[in-house]
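Novice: Dumping the structure here so I can ask a few things about it.
The values are calculated or read from the model by the stated rules, or taken from the named source; none is laboratory data. Note that the structure is predicted; figures quoted are calculated from it, not measured. Please note: Cβ atoms are built from the backbone with ideal geometry, for glycine as well, and neighbour counts cover all protein chains shown. Surface areas here come from the heavy atoms of the whole protein model, side chains and all, with no ligands, DNA or RNA. Shrake-Rupley method; radii C 1.70, N 1.55, O 1.52, S 1.80 Å.
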Amino acid sequence: MQLIVANYKMNGDKQFYLSAASKLNNLRVKGAKLVLCPPFCYLADFKLKTAKLGCQDISADAEGKSTGQISAKMLKDFGVEYSIVGHSERRAMGEGEGLVARKVKMATDNKIIPIVCVGENEKSEKQSLIKTQVKTALSLANKSAEIVFAYEPVWAIGTGDTPTVKHIDSAIKIVKNECAKNGFSCKVLYGGSVNEKNFSEFLSSSADGFLLGGVSLKLDKFIEIVKGVKK
Ligand code: PGA
């Protein structure tokens, strides 16, 4: 079963989410599990029979003096079951490994499954950086918690430049080994410029699914991928 996660980022408007909800609700999804992560303000418009609801971030704090943040409890009220954590676009805004670890703990303590993004910044950079990202992300979490990782090399996000299957497989091996070392068994997705033309190539990798950005906004192409993975 492939896990397909749509990260809509800060895109779309009410009309887009309403039409996406009705199109995706008619989709028969058998071999794939869909998780849709709209912006917070559209969570209420996006409750589908065919998909799980996710969000793009979660506060590391339980409540109180965190202006602009959304707590795990509030997300649960909206039916959120997954949260992307530590996306490279948030890391670029200054989110460090320690904060990512606290968010992972907050999510899992509240039965929200974190989808933790890890990956090297430059194509030339060693993949060993991922080890530290994985180890730190797991450092505060309960060993029985369900955690998903997404291997997203930053240089591949939104650029159209993608790694080889061999490159993806070696990164996924690092993530899985580090999880095992720390007592976890986690699914690992691949994300970064996946589209309706190249996804079938990535299906031959060891990834347990995809984290899709730009292509999620093109509903027909997104549906093509969802239908394609169940083959
Ligand atoms: P992309 O984004 O598919 O547009 O490269 C992926 C992501 O940022 O998660």
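Novice: Would you be able to say whether some residue in the stretch 51-60 is out of contact with any Asp or Glu (no Cβ under 9 Å at 6 or more places or on another chain) and open to solvent by 70 Å² or more (accessible area, probe 1.4 Å)?
Specialist: no
Novice: Among the residues of the stretch 173-231, what is the count of those that are in a loop (DSSP other than H, G, I, E, B) and at negative phi?
Specialist: 19
Novice: What residue, of Lys181, Lys173, is surrounded by fewer than 22 Cβ atoms within 10 Å (Cβ to Cβ) and touching a Lys or Arg at 6+ places or on another chain (Cβ under 9 Å)?
Specialist: One residue alone meets the criteria, Lys181.
Novice: If you don't mind, there's one more thing I want to ask. Can you tell me which condition Leu203 does not meet? The list is (1) open to solvent by 30 Å² or more (accessible area, probe 1.4 Å); (2) closer than 18 Å to Ala32 by Cβ; (3) within 14 Å of the ligand (Cβ to nearest atom), and all the others hold.
Specialist: Only one criterion is unmet by Leu203, namely (3).
Novice: Applying the selection to the stretch 116-144, what residues are modelled with pLDDT under 95 and surrounded by 17 or more Cβ atoms within 10 Å (Cβ to Cβ)?
Specialist: Gln127
Novice: Do we have Ile147 as under 19 Å from Arg91 (Cβ atoms), open to solvent by 10 Å² or more (accessible area, probe 1.4 Å), away from the ligand (no atom under 16 Å from the Cβ) and not charged (D, E, K, R) here?
Specialist: no
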